[in-house]
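Everything on this sheet refers to the single structure shown next.
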Amino acid sequence: MANRKRAERVIKKIGSSRVIWFPESNRWVEFREPAWFVYKKHEEGADEQTVTGLLSERYGLPGSEARRFFSEILEGIRTSALAAFKPAPGVPEGICRQDKAMRFRTRHYLVNKKHITISYGSPDMEFYIHRPLAWLETENAPLGSLHLEVLTTEYPPGFQHHPKSRNTSEQENPQKIYCISRKGETQHKFNDAGMLKHRLYVEVTSHIYGIPAQNWMSYIHAAAVTNGREAILLSSASGSGKSTMAALLQLPGHKSITGREDIFFMSDDFVPVDATSLKAFAFPAALNIKEGSFPVIDAFYPHRDDADNGYSMPGNLHTRYLRPRFPAGDIYEPRAVKKIIFIRYTPRAGFKIQRLPVIKALSMFHEEAWVSHNPGHAQRFIDWFVTLECYCLEYSDNKTAVKAVEELFDKNDH
């Protein structure tokens, strides 16, 4: 049997290092000397004896040390070339199909002059998906608009599925299947509600901008704010303060807590970046504020102005959804990203902001983003990423941190 052709890798020199994109795992891995030397020789087809001999001669390594190093680098290459995760096992046909009588409710939304209809299969799914979109709701939608069904069901008794892994989120329920359907046909299946929400946002984003899903370069778990000319991304793990920071930068009354008037919202938690323009697009789901930030936010945002005001589920008061404030004109105009801030609110941390080396920033970025598996997109992504200014911001005082973000807008702003 003929050997399968290996998927194309992308290599980028950054300083004295090379970073290599492995398409199987969709990861960028750094190689410094002498690891880069081993990688090159291995790719040229040199055997262990040849490479270890060259290592000993070129870098003065004892033979045993050269063999150990060679084995470690080869193992690193092997693991980097493994798929990030195996796909979930097949779900029996028809398990996600529900007739109209089993739908809980259907709601309509208007986004960027495009109509979207979502039918929810349960109150829980409606509560999870609808709240950040509630402020976009409209009474009806014309025929031919995008119509998605968000359904949930359970695995049949005795069905074998993969256990929870690092690739699943805190919303995972190993007993449940979450499905997105169109026209009665299941399109996507997950055992993780967070992954379903992400995919739903992908479908909506492609519809409202008329850009096919395969043409997006990256979806970033970040809040995006703009001064009308460029965008800054605030990236972090959930609960680290990025949405609160975005809310403080776009306060009602058109001023932040420092008095600035010219910073506006673009997206919260989900920032799509186009592979052609390399610009960030707005996604207008409301800002999700967790209860730990309520003492800060409540002073500026009355509950009556919440994006989902009037819609609630008894007993669930752990989050608020704040109405976004957009710049005048076309709120859906894409904007160039110049800076990414990896943000972390830590009580009693004081204040620290520092510029990150590109490779360190790339490693942190991977934890909070999906990047296209397309080799051409991977090349465009890394060429784009090395042009960004990346910072780490750790703080305990909101006003000081807001001022630091505002000053980054002013830096090199033309």
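Where a number appears in this text, it was derived from the coordinates with a stated rule and is not lab data. A quick note: this is a predicted structure, and the numbers were derived from the prediction, not measured. All Cβ positions, even for glycine, are placed from backbone atoms using ideal geometry, and neighbour counts span all protein chains on display.
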Dipole of the stretch 285-402, positive end: most advanced residue of Ser372, Gln354, Trp384 [Cβ charges, Cα centre]: Gln354
Angle in degrees between helix 398-410 and the longest Cα principal axis of the chain, rounded to the nearest 10: 70
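Which of the residue pairs Lys40/Lys339; Lys113/Lys411; Lys197/Lys403; Lys41/Lys360; Lys113/Lys197; Lys189/Lys279 have a Cα-Cα distance greater than 24 Å in the structure shown? Write down the numbers at each step before the final one.
Working: Lys40/Lys339 33 Å; Lys113/Lys411 35 Å; Lys197/Lys403 33 Å; Lys41/Lys360 26 Å; Lys113/Lys197 22 Å; Lys189/Lys279 30 Å.
In this structure, Lys40/Lys339; Lys113/Lys411; Lys197/Lys403; Lys41/Lys360; Lys189/Lys279 exceed 24 Å between Cα atoms.
Kindly put Phe37, Phe281 in sequence by how many other C-beta atoms sit within 10 Å of each C-beta, fewest to most. Can you show the working numbers first?
On the way: Phe37 17, Phe281 23.
In order of increasing Cβ crowding within 10 Å: Phe37, Phe281.
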Relative contact order of the chain, defined on C-alpha pairs under 8 angstrom at six or more residues apart (%): 13
Amide H partners (placed H, <5 Å) of Ala222, local residues excluded: Asp269, Phe270, Val271
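So what's the back-of-envelope 222 nm ellipticity for the chain, counting only DSSP H runs of four-plus at -39500 (n - 2.57) apiece and dividing by all residues, rounded to 500?
Details: 10 runs with 109 residues, N = 414.
Theoretical 222 nm ellipticity from helices: -8000 deg cm²/dmol.
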Computed lengthening from Asp383 to Ala7, 0.36 nm per intervening residue step minus Cα-Cα distance: 133.4 nm
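For a test of the definition: using alpha carbon positions, the gyration tensor, and the 1.5 limit on a/c, classify the chain as rounded, prolate or oblate. Before the final figure, lay out the partial values.
Working: a/c = 2.08, a/b = 1.33, b/c = 1.57.
Taking the square roots of the gyration eigenvalues as a ≥ b ≥ c, the chain is oblate.
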Shape category assigned to the stretch 215-410 from the gyration tensor of Cα positions, a/c cut at 1.5: prolate
Computed lengthening from Thr50 to Ser25, 0.36 nm per intervening residue step minus Cα-Cα distance: 6.1 nm
Nearest 10 degrees, 0 to 90: helix 193-209 Cα axis against the chain principal axis: 80
Lys/Arg +1, Asp/Glu -1 at C-beta; the chain dipole; positive extreme among Ala280, Gly292, Ser236: Ala280
For the stretch 10-80: rounded, prolate or oblate by the Cα gyration tensor [a/c cutoff 1.5]: prolate
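Could you order peptides 241-247, 379-385 by the average number of other Cβ atoms within 10 Å of their residues, highest first?
Numbers: 241-247: 26.9, 379-385: 18.3.
Highest to lowest by the protection proxy: 241-247, 379-385.
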Taking Trp370, Trp21 and counting other C-beta atoms within 10 Å, the order from fewest to most: Trp370, Trp21
Whichever aspartates and glutamates have a C-alpha closer than 17 Å to that of Lys352, once near sequence neighbours (fewer than 8 apart) are set aside: Glu389, Glu394, Asp397, Glu406, Glu407
Dipole magnitude of the chain about its Cα centre (Cβ charges: Lys, Arg +1; Asp, Glu -1), debye to nearest 20: 360
About the Cα centre, charge dipole magnitude for the stretch 215-410 (Lys/Arg +1, Asp/Glu -1 at Cβ), debye: 340
Pair His303, Ser145: separation of 7 Å Cα→Cβ label points (nm): 3.0
